[in-house]
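This report concerns only the one structure given below.
Laboratory data are not the source of any read-out in this text; all were calculated from the coordinates shown. Treat the numbers as computed from the prediction; the structure is a model and nothing was measured. Counting neighbours? That spans all protein chains shown, and the Cβs are built from the backbone with ideal geometry, glycine included.
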Amino acid sequence: MTEHTQVSSSGKGLSLNSRILIGLAAGIAVGLILRLLPGDWINVWLIDGLFQVVGRLFINALQMLVVPLVLISLICGASALGDPSRLGRLGGKTLALYLLTTGIAVTLALTAGLLVKPGAGADLTSAVEYVGSTAPSLVEVLIALIPTNPIRAMAEGSMIPIIVFALLIGVSITLAGDAGKRTRSIFEDFNDVIMRLVGVIMHLAPYGVFALITRLAFTAGSEFFGNLAIYVLLVLGILVLHVMFTYTLVLSLLTRLNPVLFLRKMWAAWLFAFSTASSNATIPVTLRTVEKRLGADNKVASFTVPLGATINMDGTAIMQGIATAFIAQAYGIDLSVTQYLTVVILVIMASIGAAGVPGVGIVLLATVFAQVGLPQEGIALILGVDRILDMARTAVNITGDAMVTTVVAKSEGELDESIYNDPEAGVIRDDESPAHP
Ligand code: ASP
């Protein structure tokens, strides 16, 4: 047993999860208490001052790492694969699983929406106009696959062109003999350094989460009533069902691993996804979780996690499926079976085209609505409750990425089961110095 696991299993110190949970609960309490206090100073100095600064700094710190981490980690991963045909096989399996789970997600959502009818009997006449933007077309997406200027792609944080660039460099490293070996060892050193930084930033998460949640609790509206409450509860219910049923089933069927361990190890990543509402910003934490806690090798994870954060959004698909049924019912519009099938395809495409940033799912819903002829102002109605759903669906989005990573890693013989089966593997505790993340 290593020194690290001895410290962890002795139970000394709170785990990072517990500390983040305390930050979250304290944030809700402080936010609600501050709502009751009079005076402008609370808004000016605390909500839009201190808490905004701390919360943003925390999200910035995570986002700061995304581009360098994805680039470097993926170059290491692709160059370690050795054989470009392995990359093709890996890509095929990953895409197939991402599409399969998103397909199940939207089907579950539409079925629930049609059975529960959350929008039946709603009065939507007071809706205000909502101006949404649209998703890029397929041609635009394809052309953008290869960046003309990789530095610009990095500056703009465009994930897919960065992934393509990193894969090409990684493959070229394997072809470049001695120069390739030297280059690879430099990138591997960089990768270790950045993963350390991820650990350091995770240590600070409880404060960041506290600030973000205090602001949220203070500013949250009281829109949760009537039909909207049914809509919110239905989306949350299907999100939970998808994680508890679809993911655990796919994981157990394809890998025979214990799904309870998988769910338990996802906690820290869930808390990050929940507080940031961004799969992209959570990439460093997801990557650390699948490598250090679930045992997936960097060769697989460096590819599947950033790709998943961009193209695999089951939680978003669930929200979009239920929202479509909800708004159609609320306006008394009967959609045909063909229209519902169109919704399934559009939702899967929207989840592929969307970047994992806050609120993007609701914006892309405008495209879905336009295609099947639902009123755009319907979106304005669900906008008020979307923030909380965004947090929950982002947690589901990254769970799908981690589950598929585990399955693909196992199928490629790149999953260390001794790490997967060790409940303490990769746990961060507050009595450890950040030097051992
Ligand atoms: N916030 C989500 C994510 O980053 C995307 C969305 O549904 O808005 O995964």
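Over region 141-256, the fraction of Cα-Cα pairs per 5 Å bin, rounded to whole percents and listed from the shortest bin up, is 2, 8, 8, 8, 11, 13, 17, 15, 9, 5, 3, 1, 1, 0.
Seen from Arg215, the other residues with C-beta closer than 12 Å to its C-beta sum to a net charge of +2, counting Lys and Arg as +1 and Asp and Glu as -1. By the beta-carbon count within 10 Å of each Cβ, the least crowded to most crowded order of Met154, Met64, fewest first, is Met64, Met154.
An ellipsoid equivalent to region 160-202, defined through the eigenvalues of its Cα gyration tensor, has semi-axes of 23, 15, 4 Å when rounded to whole angstrom and sorted largest first.
May I ask for log10 I(q)/I(0) of region 276-386 at q = 0.11, 0.16, 0.18, 0.22 Å⁻¹, from a Debye sum over the Cα atoms as equal point scatterers with solvent left out? After summing over all Cα pairs, the log10 values are -0.42, -0.73, -0.85, -1.10. The shape of the chain can be summarised by an equivalent ellipsoid whose semi-axes, obtained from the alpha carbon gyration tensor, come to 35, 28, 21 Å from longest to shortest. In plain terms, the chain is cut at each of the trypsin sites (Lys or Arg not before Pro) found in a DSSP loop with at most 14 other Cβ atoms within 10 Å, and the longest leftover piece is 13-255. Compute the acute angle (0 to 90°) between the alpha-carbon long axis of helix 52-81 and the principal axis of greatest extent of the alpha-carbon atoms of the chain; round to the nearest 10°. The answer is roughly 50 degrees. Taking the C-alpha atoms only, the angle from helix 314-330 to the longest principal axis of the chain is near 10 degrees. Identify the residues of region 344-383 with backbone N under 17 Å of a label point that sits 7 angstrom from the Cα of Thr338 along the Cα-to-Cβ direction, or state none. Within reach of a label on Thr338: 344-346, 371-374.
What order do you get for Ser302, Ser411 when you list them from fewest to most C-beta neighbours inside 10 Å?
The order, fewest Cβ neighbours first, is Ser411, Ser302.
With r defined as the distance between the Cβ atoms of Gln52 and Leu168 and R0 fixed at 45 Å, what FRET efficiency is calculated, to the nearest 0.05?
According to the calculation, E is roughly 0.65.
Charge tally around Asp83: other residues with Cβ under 13 Å, Lys/Arg +1 each, Asp/Glu -1 each, net +2.
For region 318-347, the residues whose amide N sits under 16 Å from a probe point set 7 Å from the Cα of Ala120 along the beta carbon direction are 325-335.
Nearest 10 degrees, 0 to 90: what angle lies between the long axis of helix 16-36 and the longest principal axis of the chain (Cα atoms)? Here the helix axis deviates by roughly 30 degrees.
Please order Met403, Met313, Met349, Met195 by the number of other Cβ within 10 Å, starting at the fewest. Intermediate results must be reported in sequence, preceding the final value.
Working: Met403 29, Met313 35, Met349 17, Met195 20.
Final ranking by Cβ density, sparse to dense: Met349, Met195, Met403, Met313.
In percent, rounded to a whole number, the relative contact order of the chain is 32, using alpha-carbon pairs under 8 Å and six or more apart.
Answer rounded, prolate or oblate for region 265-311, using the Cα gyration tensor with square roots of eigenvalues a ≥ b ≥ c: rounded when a/c is under 1.5, else prolate when a/b is larger than b/c, else oblate. Verdict is oblate for region 265-311. Taking a point 7 Å out from the Cα of Ala144 in the direction of its Cβ, the residues of region 353-396 whose backbone N falls within less than 20 Å of it are 353-371.
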